[in-house]
1. When the chain is fully extended, how far beyond the present Cα-Cα distance does Y135 get from Y29, taking 0.36 nm per residue of separation?
2. What's the angle, to the nearest 10 degrees (0 to 90), between helix 3-26's Cα axis and the longest principal axis of the chain?
3. Where in region 69-101 does the amide nitrogen come within less than 12 Å of the point 7 Å from the Cα of I110, taken along Cα to Cβ?
4. From the Cα gyration tensor of the chain, with a ≥ b ≥ c the square roots of its eigenvalues, which class applies: rounded if a/c is under 1.5, or else prolate if a/b is larger than b/c, or else oblate?
5. Can you work out the FRET efficiency for the pair F102 and Q39, with r the C-beta to C-beta distance and R0 = 30 Å, to the nearest 0.05?
6. How many nm is it between the label spots at L62 and A47, if each spot is 7 Å from the Cα in line with the beta carbon?
7. With everything on Cα atoms, drop me the angle between helix 49-73 and the longest principal axis of the chain, reported from 0 to 90° to the nearest 10.
8. Determine the sum of side-chain charges near I30: Lys and Arg each +1, Asp and Glu each -1, restricted to other residues whose C-beta is under 12 angstrom from that of I30.
Amino acid sequence: MKAIHFITISSAHALVFTIMLKFLFVFDYITWNPIRWTQKWQVFSAAHPFVKWILTFLVIFLVINITMGLFLLIKKMPAFATSIVVGLAIWILLEWSIYQDFSHISWNSIPIVASILIISRALAETIVYYDQEVYEDKRK
């Protein structure tokens, strides 16, 4: 996959997921604050919230790049199954990094799980599409 496609796909998915996080936070679908990690890790903790959202976008961008690399390695497996497994793994890591235990998992976790699975599925299907349709001519 070309680097420009890789960066474009990952930045589009990161932007959509950041907007989804903002939507979930504004309308109280998630109980935690997506930009509170800056205070916890003391990274730009006194900065304007817009700067914190940009930093959150960059972290999401990096995570999506790593996830895309994983999907490129396992692109021959069904995208549906791999997106569910990878999405649930990302959700478990996210919940663990926020609360440090699993006693908080309840019905409140459904919106963030759904958001992560939607992005993960879209990312897996995009990788499969680029592998089959866009780069098929170059292999012949």
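Where a number appears in this text, it was derived from the coordinates with a stated rule and is not lab data. No experiment lies behind these values; they were computed from the predicted model shown. So basically every Cβ, Gly included, is an ideal-geometry build from the backbone, and we count neighbours across all protein chains shown.
1. On the way: separation 106, 0.36 × 106 = 38.16 nm, distance 3.96 nm.
Roughly 34.2 nm would be gained on extension.
2. On a 0 to 90 degree scale, this one is about 30.
3. none
4. Details: a/c = 2.44, a/b = 1.62, b/c = 1.50.
Prolate shape, in that a/c is at least 1.5 and a/b is the bigger ratio.
5. Efficiency, from the Cβ-Cβ distance: 0.85.
6. A separation of 1.2 nm, rounded to one decimal place.
7. Tilt of helix 49-73: around 30 degrees.
8. Working: positive: K22, R36; negative: D28, E95.
Around I30, the charge tally is 0.
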